[in-house]
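The values are calculated or read from the model by the stated rules, or taken from the named source; none is laboratory data. As the structure is a prediction and not an experimental result, all values here were calculated from the model. Here the Cβ positions follow ideal geometry from the backbone for every residue, glycine too, while neighbour counts run over all protein chains shown. Side chains are part of the model used for accessible areas, which takes the heavy atoms of the whole protein and leaves out ligands, DNA and RNA. Shrake-Rupley method; radii C 1.70, N 1.55, O 1.52, S 1.80 Å.
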Amino acid sequence: MPFRPRYTGLIDKYRDRLPVHDDTRIISLGEGNTPLIRLNNISRQLDKEVDIYVKYEGLNPTGSFKDRGMTMAITKAIDANSKAVICASTGNTSASAAAYSARAGIIPFVLIPDGKIALGKLAQAMMHGAVVIQIQGNFDDGMRLVKEVAEQAPITIVNSINPYRLQGQKTAAFEIIEELGKAPDYHCLPLGNAGNISAYWMGYNEYFQTGIVNQRPKMCAYQASGAAPFLRGHPVENPETVATAIRIGNPQSWDKAWAAQKESGGWFDEFDDQDILAAQKLLAEKEGIFCEPASAISIAGVMRDVKSGKIPEGSVVTCTLTGHGLKDPDTAIQQCTVQPIKIKAELAEVKNAILQNMG
Ligand SMILES: *Cc1c(COP(=O)(O)O)cnc(C)c1O
């Protein structure tokens, strides 16, 4: 038969590996099932025999991997009769919480840092009808306030300290294993609040422990130098980076992230903003894949580690591209040195513009 059942989201697909019942009302926007794209041109440029794949999480319904966790968190909030949810966010969590809350018919309160949020993410939260509270402080301040308020008000936290978030997010590791037919040798990803590395490690472990695969990847996670508590060994006071999604100084899943790194035999490393933006541009130009700055740090990481030999030839590497490039158009346009060509609406001028740019 030439038909397949409609894809209805990751809870339906991985129902037996997630904490839901047969009669649970599932809140889904068809998240998950994102493409695993093999890099061709960048791999060739590295001049080493390494297979690099990107898990393009920017293609989730609200444009980031947060949707994997949010479908679970909102589904469980509804299950528990919650009427409102709250999160602190650098942007993507608020966009996702807003969308899934709209779907579920509950009120999302989102605390965002004043002025340090990418425009696309703010637009999403506002369009979906979230109560957007801009605080004079950063993500870490927001996180502290959210924890305090949830102790005093009947409201569910949907940050990644909510255990259901990680349950949903672990499914990305399942999908990677199913597509590769095995676990990768290395998995590279950005490191912010540290929920995602913890979730991937949980997912890889689950398939390893149930005997579906016989190996687990080394987990390699990267931070922006201005917001690198894992590299400093302690929280940092005023995190700064152009990669606003990982502008976090006091990560909530501190112990879990360390455990993932140590148990897997992986490592943490850091990149400055210039390197992050260069990786973002390279991926867009050479492979046709547009991710946001924070996501690109995994590309910077894999390139450095392959070049240095830390990731040896013959390896299979996966990188999580956590969010879509369209989330942050300002940062993207600012780093494009070539401006649009402006001409009169005449054939001769179009022809001229083409001739001068044929390469
Ligand atoms: C949330 C987010 C991160 C960081 O993930 P953590 O789970 O907080 O470590 C990285 N990139 C993007 C685009 C994000 O939205």
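Descriptive notes on the structure:
- The magnitude of the dipole of the chain, with charges of +1 and -1 set on the Cβ of Lys/Arg and Asp/Glu and taken from the Cα centre, is near 540 debye.
- Between region 139-162 and region 1-80, the Cα center-to-center distance that results, in Å: 26
- Computed lengthening from Lys262 to Thr24, 0.36 nm per intervening residue step minus Cα-Cα distance: 82.0 nm
- Where Rh is the Kirkwood radius over Cα pairs, Rg/Rh for region 51-118: 1.04
- Accessible surface, region 1-156, averaged per residue in Å² (probe 1.4 Å): 47
- Considering only region 15-172, percent of DSSP beta bridges that pair antiparallel, nearest 5: 20
- Sorting the segments 50-57, 315-322, 9-16 by their mean number of nearby beta carbons within 10 angstrom, highest to lowest, gives 315-322, 50-57, 9-16.
- Region 76-183 - percent relative contact order, Cα under 8 Å, separation 6 or more: 29
- Whole-percent carbon and sulfur share, accessible surface of the chain, 1.4 Å: 52
- For region 132-258, fraction of C-alpha pairs farther apart than 26 Å, in %: 30
- Residue-averaged [θ]222 nm for the chain, counting only DSSP H segments that reach four residues, each worth -39500 (n - 2.57): -12500 deg cm²/dmol
- Taking 29 Å as the straight-line reach from the Cα of Lys262, the lysines in range (excluding those fewer than 8 positions away in the same chain) are Lys48, Lys55, Lys66, Lys147, Lys170, Lys182, Lys218, Lys307, Lys310.
- Globularity index of region 235-359, i.e. its alpha-carbon radius of gyration over 2.2 N^0.38 Å: 1.40
- Calculated log₁₀ intensity ratio I(q)/I(0) where the Debye formula runs over C-alpha points of the chain, q = 0.11 Å⁻¹: -0.72
- Order by protection proxy (mean Cβ within 10 Å, highest first), peptides 229-237, 115-123: 115-123, 229-237
- Accessible area of region 186-259 divided out per residue, in Å², using a probe of 1.4 angstrom: 35
- Note that region 13-54, at 25 °C in a medium of 0.890 mPa s, gets a Stokes-Einstein diffusion coefficient of 177 µm²/s from its Kirkwood radius over C-alpha pairs.
- Using only alpha carbons, region 91-171 has a radius of gyration to Kirkwood radius ratio (Rg to Rh) of 0.95.
- Look at the alpha carbon pairs under 8 Å that are at least 6 residues apart: their mean separation over the length of region 163-303 gives a relative contact order of 26 percent.
- Among 147-154, 265-272, sorting by the average number of other beta carbon atoms lying within 10 angstrom of each residue, highest first, gives 265-272, 147-154.
- Using the 1.4 Å probe convention, the accessible area of region 275-326 works out to 31 Å² per residue with neighbouring protein chains retained.
- Separation of the Leu231 and Ile354 label points, Cα + 7 Å toward Cβ, nm: 4.7
- DSSP beta bridges fully contained in the chain are about 15 percent antiparallel.
- With R₀ fixed at 35 Å, the C-beta to C-beta distance from Met126 to Ile341 puts the FRET efficiency at about 0.55.
- Relative contact order, percent, the chain [alpha-carbon distance under 8 Å, six or more residues apart]: 19
- Taken along its principal axes, the alpha carbon cloud of region 3-136 reaches lengths of 54, 43, 25 Å, longest axis first.
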